[in-house]
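Participant: Below you will find the structure I want to go over with you.
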Amino acid sequence: MASLGSAPAPRLNRAVIFLGPPGAGKGTQAKEIARLYGVPHLSTGDMLRDHVSRGTALGQLAKPIMSRGELVPDEIVLAMVEERISRPDCAKGFVFDGFPRTLPQAEKFAEILRGLRLGRPMVLHFVVDARQLMRRLTGRRTCSVGGEIYNVYERPPRVAGRCDNDGGELIERPDDREEVIAERLVAYERQTKPLVDYYRSQGLLEDVDGSADVEAVTRAVVGVLTRAQSNA
Ligand code: AMP
């Protein structure tokens with residue numbers, strides 16, 4: 001596990017967005033970075049899966065859309081996000097993975113951030129080639145108890161099928177089947193990739209090589225965030 005040395009956890013004080021295709025390692029990195037900086041890790045995918053598993057009205061609406069690998073409508077996601085980031089634990093910043101995913105989401109998010117006086121987000125764009133993405137998605141297993149993410153090829157658990165942290169059963173996400181993965185990659189190319197240019201043109205985006213091992217990517221992300229803080 002990475003550390004930031006013996007110094008107290010530095011302040012983030014802003015919204016950080018992890019952008020990149022499914023399987024680029026956003027979830028794994030977002031969890032670790034949020035832990036290092038002591039801020040919440042937010043994932044619209046996790047929030048939606050939670051609604052699905054609780055069988056809420058929102059979950060019932062989202063379930064068939066998610067199982068096809070398509071995107072849930074913007075209004076639904078935005079209402080969920082606005083409620084979550086208005087809570088006090090987000091006042092010192094947070095790390096988002098999987099949001100925003102469309103241009104309207106990004107535009108409305110900027111407005112919400114202004115309203116909450118959270119300023120402009122910092123965006124890290126994870127770059128990983130297509131072959132590696134497929135390997136990461138088909139090999140991904142998630143702990144059914146604590147949500148820790150493993151990969152049977154690149155980051156296997158010590159005991160097959162069990163989480164190292166809590167012994168929870170490791171499960172495969174239903175949308176990590178190959179035919180659904182293809183659809184999710186299409187949704188990324190069409191709807192989410194335009195956000196790379198959108199944020200780059202505003203000077204808010206930095207590329208990160210997401211193909212390295214987990215610790216190396218974490219170090220690169222911390223490096224980018226530290227430079228951004230000192231230039232702020
Ligand atoms: P993820 O865990 O980020 O891969 O998301 C899993 C699924 O949840 C996606 O394939 C979408 O169906 C849905 N989803 C998650 N985040 C969003 C979002 N920001 N906008 C629309 N749909 C989303």
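Participant: Under 6 Å by Cβ, and 6 or more places apart or on different chains, what pairs join a residue from region 32-53 that is touching a residue at least 60 places away in the same chain (Cβ under 8 Å) with one that is within 16 Å of the ligand (Cβ to nearest atom) and not basic (K, R)?
Facilitator: I33/V95; A34/H41; A34/V95
Participant: Condition test on E148, is it within 19 Å of L195 (Cβ to Cβ) and within 16 Å of the ligand (Cβ to nearest atom)? Spell out the reasoning first.
Facilitator: Working: within 19 Å of L195 (Cβ to Cβ): no; within 16 Å of the ligand (Cβ to nearest atom): yes.
No, not satisfied.
Matching residues to (1) at pLDDT below 95; (2) touching a Ser or Thr at 6+ places or on another chain (Cβ under 7 Å):
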{"residue": "S3", "(1), (2)": "yes, no"}
{"residue": "A7", "(1), (2)": "yes, no"}
{"residue": "P10", "(1), (2)": "yes, no"}
{"residue": "A15", "(1), (2)": "no, no"}
{"residue": "L19", "(1), (2)": "no, no"}
{"residue": "G27", "(1), (2)": "yes, yes"}
{"residue": "T44", "(1), (2)": "no, no"}
{"residue": "M47", "(1), (2)": "no, no"}
{"residue": "G55", "(1), (2)": "no, no"}
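Participant: Something else now. I need the full set of residues from region 92-120 which are free of Cβ contacts under 8 Å to residues at least 12 places away in the same chain and open to solvent by 70 Å² or more (accessible area, probe 1.4 Å), in order please. Can you show your working first?
Facilitator: Keep residues of region 92-120 that are free of Cβ contacts under 8 Å to residues at least 12 places away in the same chain, which gives 107, 110-111, 114-115, 117.
Once the filter is applied, which keeps residues that are free of Cβ contacts under 8 Å to residues at least 12 places away in the same chain and open to solvent by 70 Å² or more (accessible area, probe 1.4 Å), region 92-120 yields E107, E111, R114, R117.
Participant: Pairs, please: C-beta under 7 Å, at least 6 apart or cross-chain, first residue in contact (Cβ under 8 Å) with a residue 24 or more places away in the chain and surrounded by 18 or more Cβ atoms within 10 Å (Cβ to Cβ) and in region 146-161, second assigned to a loop (DSSP other than H, G, I, E, B) and of a type in the set (G, A, S)?
Facilitator: Partner pairs satisfying both residue conditions: none exist.
Participant: Checking M134 against (1) in a helix (DSSP H, G or I); (2) in contact with a Gly (Cβ under 8 Å, 6 or more places away or on another chain); (3) open to solvent by less than 40 Å² (accessible area, probe 1.4 Å): exactly one of these is not met. Which one?
Facilitator: Of (1) in a helix (DSSP H, G or I); (2) in contact with a Gly (Cβ under 8 Å, 6 or more places away or on another chain); (3) open to solvent by less than 40 Å² (accessible area, probe 1.4 Å), only one is false for M134: (3).
Participant: Now a separate question. Would you tally the residues in region 37-59 being of a type outside the set (A, V, I, L, M, F, W, C), away from the ligand (no atom under 12 Å from the Cβ), open to solvent by 40 Å² or more (accessible area, probe 1.4 Å) and part of a helix (DSSP H, G or I)?
Facilitator: Final tally of qualifying residues: 2.
Participant: Quick one: would you say V180 is in a helix (DSSP H, G or I), modelled with pLDDT of 90 or more and either touching a His at 6+ places or on another chain (Cβ under 7 Å) or open to solvent by less than 30 Å² (accessible area, probe 1.4 Å) (or both)?
Facilitator: Details: in a helix (DSSP H, G or I): yes; modelled with pLDDT of 90 or more: yes; either touching a His at 6+ places or on another chain (Cβ under 7 Å) or open to solvent by less than 30 Å² (accessible area, probe 1.4 Å) (or both): yes.
It is true that V180 is in a helix (DSSP H, G or I), modelled with pLDDT of 90 or more and either touching a His at 6+ places or on another chain (Cβ under 7 Å) or open to solvent by less than 30 Å² (accessible area, probe 1.4 Å) (or both).
Participant: Right, here's the next one. Can you tell which of A34, A62, A30 is within 12 Å of the ligand (Cβ to nearest atom), part of a helix (DSSP H, G or I) and in contact with a strand residue (DSSP E or B) (Cβ under 7 Å, 6 or more places away or on another chain)? Let's see the steps before the verdict.
Facilitator: Working: A34 fails: within 12 Å of the ligand (Cβ to nearest atom); A62 fails: in contact with a strand residue (DSSP E or B) (Cβ under 7 Å, 6 or more places away or on another chain).
So the residue among A34, A62, A30 that is within 12 Å of the ligand (Cβ to nearest atom), part of a helix (DSSP H, G or I) and in contact with a strand residue (DSSP E or B) (Cβ under 7 Å, 6 or more places away or on another chain) is A30.
The values are calculated or read from the model by the stated rules, or taken from the named source; none is laboratory data. Every value quoted in this text rests on a predicted model; they were computed, and no experiment measured them. Virtual Cβ from ideal backbone geometry, glycine too; neighbours counted across all protein chains shown. Protein only, heavy atoms only, side chains kept; ligands, DNA and RNA dropped before computing areas. Shrake-Rupley method; radii C 1.70, N 1.55, O 1.52, S 1.80 Å.
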